[in-house]
Amino acid sequence: MEEREMRLMKGNEAIAEAAIRAGADAFYGYPITPQTEVMEYLMETDATARTGMAVLQAESEVSAINMVYGGAATGHRVMTSSSSPGISLMSEGISFIAGAELPCLLINVSRGGPGLGTIQPSQADYFQTVKGGGHGDYKLLTLAPSSVQELADFISLGFDLAFKYRNPTMILADGALGQMMEKIYLPAPRPRMTEYPDWATNGTPEGKERRFVTSLNLLPQEHELVNIRLQKKYREMEKNEVRYEMIQCEDADYIIVAFGIIARIAQKSIELARAKGHKIGLFRPITLYPFPYDQIRALADENRVKGLMSVELSAGQMIEDIRLAVEGRKPVGFFGRLGGMVPTPEEIETALYDYFNIK
C-alpha cells in the first residue's frame, strides 16, 4: 500500500508540496494574491535541491506561460499557478499550448473581479475556464477541488490527464481553498520522468527525423483537419473523464448543484434542511469540463425531483450548463454571492425555500 504522510497544510502549500511529490520538472510563475505562497513554498523548501525541479519567478504572467509552453514542448511535467487577472494575461499562451497539443498543469486560485477586484474568493472565472478564455475552439480539462485534500490529490491526476490527452489541465480553485488550513494526507513521492514522448522536442539523435511543435497552420484545409482532430479528442474526454459526487440525491425532491468551496457549504445546508423534514440533495461537479450533463439530465428526469438550484460565488455562470443539461425538464433556480462574499449554509437554505416556495 502506498505510504501517505499526514500534514496540517494551507491549500497553497499543499499544491506546492504535492507538485514536488508528483515529480514535477518545472514551475514557472509570477506572484499574485491569493496564490503567491505556491511559489514561495517551492523556493523556501528548496524544491530544486529535493528533486531537481526547476522553480523560476518569471518577469510576468506572459513570460511564465510561455516558459510553460517551452517546457511542455520538451515532454516534461511543467506547471504554473496564478489568480484570475494573471490567468487572463496567460490566456493567449494557453490557447497556443492547447493548439500545439501539449500537456501542462495550470492552477487558478481565483479571486473576485472584474478588474483587479478583490483578493477574496470567487467562482466567476468559470466562463473563462470552461468556455475558452483565449481564442479559438479549444478546451481545458478542468478539475474543481472542494478541499485542501483534493487540491493535493488533483496535482498528480492533473498531470496524468494532461499527458493522456496531450492537453492542458486546469485546477480551478479559489482564494478560500488556497488560504484555508486542513489536515491532509500526502502521497509518497513519484520519480521525475526519465523517458519522454515521441513528439517531444528534447533533442534529435543522429539519424532521427527533426520534431516540430507549433500551433500555426496557414493552409485552411489543413488547419480544419487539425481542429477536427482536436474536437475528436474533446469528445473522448467527454466520454471518459466526467467526475462528480452526489450526496443524498437518491430520495431528494430538490437538488442543489454547486462546486468547489460552495459545495462544502451547501452540504451543511442540506443537513439543516433535512433536519426540518425537507428532502434536499447535493450534486457536485468535480470536472467542470467535461461537465456532467448526462448525470444532471438523469436527475431532472426523476419524477420526484421538482427543481434544481445552482449556488455559486458569481452572478451565475455554471447555471447555464445546468440549464443546458436539464433542457427545460424542471425549473432551475439560482443563488449567488458577489465580490468575494461567501454565503452561510442558512443563506443557501433560505434561498432554496424562497425560490421554490418550500414551506
Task: Scan of region 306-321 for residues that are farther than 21 Å from residue 235 by Cβ and buried (at least 20 other Cβ atoms within 10 Å of the Cβ), ordered by number - done: 308, 309, 310, 311, 312, 313, 314, 317, 318, 319
Open item on the list: Exactly one of these conditions fails for residue 230: (1) surrounded by 16 or more Cβ atoms within 10 Å (Cβ to Cβ); (2) hydrophobic (A, V, I, L, M, F, W, C); (3) under 23 Å from residue 123 (Cβ atoms); (4) out of contact with any strand residue (DSSP E or B) (no Cβ under 7 Å at 6 or more places or on another chain). Give me its number.
Closed with: (3)
- [ ] Select from region 3-19 the residues that are open to solvent by less than 40 Å² (accessible area, probe 1.4 Å) and under 19 Å from the mean Cα position of the chain (by Cα) and list them in ascending order.
- [x] 11, 12, 14, 15, 16, 17, 18, 19
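Residues checked against (1) over 22 Å from residue 284 (Cα atoms); (2) hydrophobic (A, V, I, L, M, F, W, C); (3) open to solvent by less than 70 Å² (accessible area, probe 1.4 Å); (4) over 20 Å from the mean Cα position of the chain (by Cα):
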residue	(1), (2), (3), (4)
180	no, yes, yes, no
189	yes, no, no, yes
203	yes, no, yes, yes
212	yes, yes, no, yes
216	yes, yes, no, yes
244	no, no, no, no
249	no, yes, yes, yes
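Conditions tested, residue by residue: (1) over 20 Å from residue 226 (Cα atoms); (2) in contact with a Pro (Cβ under 8 Å, 6 or more places away or on another chain); (3) touching a residue at least 40 places away in the same chain (Cβ under 8 Å); (4) of a type in the set (Asp, Glu).
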{"site": "111", "(1), (2), (3), (4)": "yes, yes, yes, no"}
{"site": "123", "(1), (2), (3), (4)": "yes, no, yes, no"}
{"site": "131", "(1), (2), (3), (4)": "no, no, no, no"}
{"site": "160", "(1), (2), (3), (4)": "yes, no, no, yes"}
{"site": "171", "(1), (2), (3), (4)": "yes, yes, yes, no"}
- [ ] Return only the number of the condition from (1) touching a residue at least 12 places away in the same chain (Cβ under 8 Å); (2) open to solvent by 40 Å² or more (accessible area, probe 1.4 Å); (3) on the phi < 0 side of the Ramachandran plot that residue 275 does not satisfy.
- [x] (1)
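The values are calculated or read from the model by the stated rules, or taken from the named source; none is laboratory data. What you are looking at is a predicted structure, and each value in this text was computed from that prediction instead of being measured. So basically every Cβ, Gly included, is an ideal-geometry build from the backbone, and we count neighbours across all protein chains shown. Just the protein is used for accessible areas: all its heavy atoms, side chains included, with ligands, DNA and RNA removed. Shrake-Rupley method; radii C 1.70, N 1.55, O 1.52, S 1.80 Å.
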